[in-house]
């Protein structure tokens with residue numbers, strides 16, 4: 001029996017108001033609502049389960065790195081630079097908080113966006129091998 005971890009099943013994101021945040025994720029990111037109550041909303045987003053959990057004031061999924069820079073803890077992937085640029089433009093038109101497209105010195109390009117509670121997320125123009133059908137036989 002293989003006891004290796006297979007995939008990440010669920011991500012928990014702290015929010016101030018699960019209902020309001022769920023609507024934001026649905027409208028801005030195309031998430032699907034699976035469940036909602038006062039304390040949480042469960043969404044399906046990017047083939048992944050996301051729990052938006054009502055948190056105490058000032059709680060975020062972000063962290064501060066050793067150089068004092070606030071960082072995201074989750075990266076979404078898109079298929080190529082053109083898809084990245086298109087999504088960046090779409091997010092900008094939706095008046096989302098979106099950073100510039102960056103070259104971080106590795107393959108592909110990235111940009112960061114924020115949800116309505118200030119949680120930061122990264123978007124990368126490179127697909128993981130399991131999802132990149134152009135590199136599979």
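The numbers here are math on the coordinates, done by the rules we state, and not lab data. For clarity, every value in this text was computed on a predicted model and none was experimentally measured. Note: ideal-geometry Cβ built from the backbone for every residue, glycine included; neighbour counts use all protein chains shown.
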Structure-derived semi-axes √(5λ) of the Cα gyration tensor in Å - corresponding label in (i) 24, 20, 16; (ii) 22, 19, 14; (iii) 40, 18, 14: (i)
Fewest-first sequence of 106, 67, 88 by Cβ atoms within 10 Å of each Cβ: 67, 106, 88
Pairwise label distance in nanometres, residue 12 with residue 65, each label 7 Å out on the Cα-Cβ vector: 2.6 nm
Helical mean residue ellipticity (222 nm; -39500 (n - 2.57) per DSSP H run of 4+; nearest 500) of the chain: -5500 deg cm²/dmol
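In percent, how large is the relative contact order of the chain, given Cα pairs closer than 8 Å and 6 or more residues apart?
Relative contact order, the chain: 21 percent.
Take the Cβ-Cβ distance between residue 79 and residue 57 as r, set R0 to 41 Å, and report the resulting FRET efficiency rounded to the nearest 0.05.
Values: r = 38 Å, r/R0 = 0.92.
The calculated FRET efficiency here is 0.60.
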Percent antiparallel among DSSP beta bridges (both partners in the range 1-99, rounded to 5): 65 percent
In nm, spacing of pseudo-spin labels at residue 46 and residue 97 (7 Å Cα→C-beta vector): 1.8 nm
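Take every Cα pair under 8 Å in the range 1-81 that's 6+ residues apart, average their separations, divide by the length, and report that relative contact order as a whole percent.
Details: 116 pairs, mean separation 22.4, N = 81.
Relative CO of the range 1-81 lands at 28 percent.
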